[in-house]
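The values are calculated or read from the model by the stated rules, or taken from the named source; none is laboratory data. Quick caveat, the model's predicted, so the values are computed rather than measured. Cβ placement follows ideal geometry from the backbone for every residue including glycine, while neighbour counts extend to all protein chains displayed. Keep in mind that these areas ignore ligands, DNA and RNA; they rest on the heavy atoms of the full protein, side chains included. Shrake-Rupley method; radii C 1.70, N 1.55, O 1.52, S 1.80 Å.
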Amino acid sequence: MKKLVILGAGTAGTIMANRLSPVLDKGEWHITVVDKDETHYYQPGFLFIPFGVYNQQDVIKPKRDYLPSGVELVMSGIELIEPERNRVKLENGKVLEYDLLIIATGSRIHPEETEGMKDGGWHKNIFDFYTIEGSTALANYLKYWEGGKMVVNIVEMPIKCPVAPLEFVFLADWWFTEQGLRNKVDIEFVTPLPGAFTKPRASKYLGDFLDKKGISLVTDFGIERVDSGANKIISYDDKSIDYDLLVTIPTNMGDEVIERSGMGDELNFIPTDPNTLQAKNYENIFVLGDATNLPSSKAGSVAHFQSEVLFENILRFIDKRPLLPEFDGHANCFIESGFGKGILIDFNYDVEPLPGKFPLPGVGPFSLLEETRMNHWGKMMFRWMYWNLLLKGAELPIQAQMNMAGKRQ
Amino acid sequence: MATETMNVTFDADGYLADHNEWNEDLARELAREEGIEELTDMHWKVINFMRKDYIENGAVPTIRRLKKAGGIPTKELYSLFPDGPAKKAARIAGLPKPKGCV
């Protein structure tokens, strides 16, 4: 009996289990999925919790309900991956040998990487919205906040869902307006990047949006530390910014087990072939989702597009065929822009987000790099698609590879 | 600009098109354009590490990588290459403009 082990039952790991389980011969392959947490979080929903659009119940489901019955689920942390010996040591003492390993251990925030971040102000007037704890604590804080200066700060790149911080300030602008509080709130977006976003055209377009909404933008700010006694963030070149409320997007890092196993870069992301998704140093290990070191977005849509390519490549690997270099860095993101509207961007490694139309059979077209109500509904509809189609590995009407149809150069 | 006379090609972002065309004199020129009059030993440590790392790994090292793998404290990096050290140091080292990863 051959053994396939999947580390992580988040978005990427769950999709892979659902795609592979029905196809691999049960007499030949045993699939084991390892995860330490019983709960599956719909992470794109965290963004909406601070503003009362979603609550905790809207974003959690049991992981077991989304995994196929044909796989063995082991609930345990992972102590060590030993790629030279083709085995994984679990925290529960078990050792799993594998013929084929898929790593989908994701990325998490590390506020402790910034000096002073977790001192006095943490979850008092400093919050993240990348965890269920952070976003619900922020919701409670905002309910009673009477206004002041809200600073939203990205500590360093790369981060999971790179558009989320912008969506957060757009939604905050809308929400404070609804509360009749907007004239008592200053919103400042502070980023280490040279503009509002990384890709030039989208950066310009989204930067204009900040302007229009009266949100100030501070660029090239590399935060060194938080002085939570004085409510200030201070940069490496000694610039300082005051806040009353700090919403931080802390350093994102891959799982500690990657570091312990000596398999990652300086942020514990795993060197991965950008097109085949094979681990750079190990031919029987494949990586997808946030765990890779690839310059594609760390986002659910990307994990989904990767899963199509990886599915083919796993089957080809088993059949000893050459791998297909088919992943192109495709990402597709609805950006919530407030007041019931949204913006859609679609891009890959080589093509930055462009304006135009995004054809979607049966539903679309959606407008690209343009604010519309339909894009907002696309975003809201996505939660249903996530639980009912995407996690199950069902075919979606969007190709894995980016398509130029409808885009304007 | 002085670099125009040096017979090398720059890309649309003003970064050296081919890192093999780089040499130390060019680095001094580029540094002056970036407002750094003199390259000290510490500047060279950063530049040399960046070039070596780029050639070995195919990517311009991030500020975190310069700290962790290159042993260059971030605070010091900012004082050596003020206002956007990663971009500035990459240009002087003859490497492409670093991509803020999306």
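Where residues in segment A:230-239 are assigned to a strand (DSSP E or B) and out of contact with any helix residue (DSSP H, G or I) (no Cβ under 9 Å at 6 or more places or on another chain), which of them is farthest from the other protein chains (Cβ to nearest Cβ)? Show your work before the answer.
Our first condition is that a residue be assigned to a strand (DSSP E or B); within segment A:230-239, this holds for A:232-235.
Adding the requirement that they be out of contact with any helix residue (DSSP H, G or I) (no Cβ under 9 Å at 6 or more places or on another chain) leaves A:232-234.
On the way: A:Lys232: 17, A:Ile233: 15, A:Ile234: 11 Å.
That would be A:Lys232.
So is A:Gly195 farther than 22 Å from B:Ile63 by Cα and either touching a Gly at 6+ places or on another chain (Cβ under 6 Å) or of a type outside the set (Lys, Arg) (or both) or not? Don't jump to the end; show me each part of the working.
Numbers: farther than 22 Å from B:Ile63 by Cα: no; either touching a Gly at 6+ places or on another chain (Cβ under 6 Å) or of a type outside the set (Lys, Arg) (or both): yes.
Spelling it out, it is not the case that A:Gly195 is farther than 22 Å from B:Ile63 by Cα and either touching a Gly at 6+ places or on another chain (Cβ under 6 Å) or of a type outside the set (Lys, Arg) (or both).
Within segment A:166-205, being part of a helix (DSSP H, G or I), within 14 Å of another protein chain (Cβ to nearest Cβ) and surrounded by fewer than 24 Cβ atoms within 10 Å (Cβ to Cβ) holds for A:Pro200, A:Arg201, A:Ser203. Give the residues of segment A:364-399 that are modelled with pLDDT of 90 or more and more than 25 Å from A:Thr14 (Cα to Cα), sorted by residue number. Within segment A:364-399, A:Phe366, A:Ser367, A:Leu368, A:Leu369, A:Glu370, A:Glu371, A:Thr372, A:Arg373, A:Met374, A:Asn375, A:His376, A:Trp377 meet the criteria.
Of the residues making up segment B:1-37, those that are in a loop (DSSP other than H, G, I, E, B), open to solvent by 50 Å² or more (accessible area, probe 1.4 Å) and within 11 Å of B:Arg91 (Cβ to Cβ) are B:Asp11, B:Asp13.
Do the conditions hold for A:Gly77, that is, is it surrounded by fewer than 17 Cβ atoms within 10 Å (Cβ to Cβ), over 22 Å from the mean Cα position of the chain (by Cα) and at negative phi?
Details: surrounded by fewer than 17 Cβ atoms within 10 Å (Cβ to Cβ): yes; over 22 Å from the mean Cα position of the chain (by Cα): no; at negative phi: yes.
In short, no.
Of all residues in segment A:230-262, those satisfying the criterion of being open to solvent by 50 Å² or more (accessible area, probe 1.4 Å), touching a residue at least 24 places away in the same chain (Cβ under 8 Å) and not assigned by TED's automatic domain parsing to the domain that holds A:Leu101 are A:Asp242, A:Asp244. Looking across segment B:25-66, just one residue is touching a residue at least 24 places away in the same chain (Cβ under 8 Å), under 22 Å from A:Phe269 (Cα atoms) and among the basic types (Lys, Arg), and that is B:Arg51.
Residue-level check: of (1) surrounded by 16 or more Cβ atoms within 10 Å (Cβ to Cβ); (2) farther than 26 Å from A:Arg19 by Cβ, A:Asn348 misses just (2).
Suppose we keep only residues that are open to solvent by 80 Å² or more (accessible area, probe 1.4 Å) and of a type outside the set (D, E, K, R) within segment B:49-73. Which one would you say is modelled with the lowest pLDDT? Write out each step before concluding.
Start the filter on segment B:49-73 by keeping residues that are open to solvent by 80 Å² or more (accessible area, probe 1.4 Å), which leaves B:52, B:55-57, B:67-68.
Imposing the further condition that a residue be of a type outside the set (D, E, K, R) reduces the set to B:55, B:57.
Values: B:Ile55: 94, B:Asn57: 86.
For segment B:49-73, the residue satisfying everything is B:Asn57.
Once segment A:240-255 is narrowed to residues that are part of a loop (DSSP other than H, G, I, E, B) and within 19 Å of A:His110 (Cβ to Cβ), the residue that is nearest to the other protein chains (Cβ to nearest Cβ) is A:Pro250.
Hey, among A:Lys149, A:Lys160, A:Lys118, which residue is in contact (Cβ under 8 Å) with a residue 60 or more places away in the chain, touching an Asp or Glu at 6+ places or on another chain (Cβ under 7 Å), on the phi < 0 side of the Ramachandran plot and away from every other protein chain (no Cβ under 14 Å)?
The conditions single out A:Lys149.
Figure legend. Inter-residue proximity from segment A:353-365: first residues closer than 19 Å to A:Gly329 by Cβ and without any contact (Cβ under 8 Å) to a residue 24 or more places away in the chain, second residues of a type in the set (A, V, I, L, M, F, W, C) and crowded, with 16+ Cβ neighbours inside 10 Å, beta-carbon distance below 7 Å, spacing 6+ or different chains. No pairs are indicated.
Checking each residue of segment A:321-328 against the condition of being of a type in the set (Phe, Trp, Tyr) and in contact with a Gly (Cβ under 8 Å, 6 or more places away or on another chain) gives no match. Within segment A:89-136, if we keep just the residues that are open to solvent by 30 Å² or more (accessible area, probe 1.4 Å) and of a type in the set (Gly, Ala, Ser), the residue that is farthest from A:Met253 (Cα to Cα) turns out to be A:Gly93.
Taking the criterion of being free of Cβ contacts under 8 Å to residues at least 40 places away in the same chain and away from chain B (no Cβ under 14 Å), the only residue of segment A:263-308 that qualifies is A:Glu283. Note on segment A:206-229: residues that are assigned to a helix (DSSP H, G or I) and open to solvent by less than 30 Å² (accessible area, probe 1.4 Å) total 4.
The lone criterion from (1) more than 30 Å from A:Gly378 (Cβ to Cβ); (2) open to solvent by 10 Å² or more (accessible area, probe 1.4 Å); (3) not hydrophobic (A, V, I, L, M, F, W, C) left unmet by A:Asn268 is number (2).
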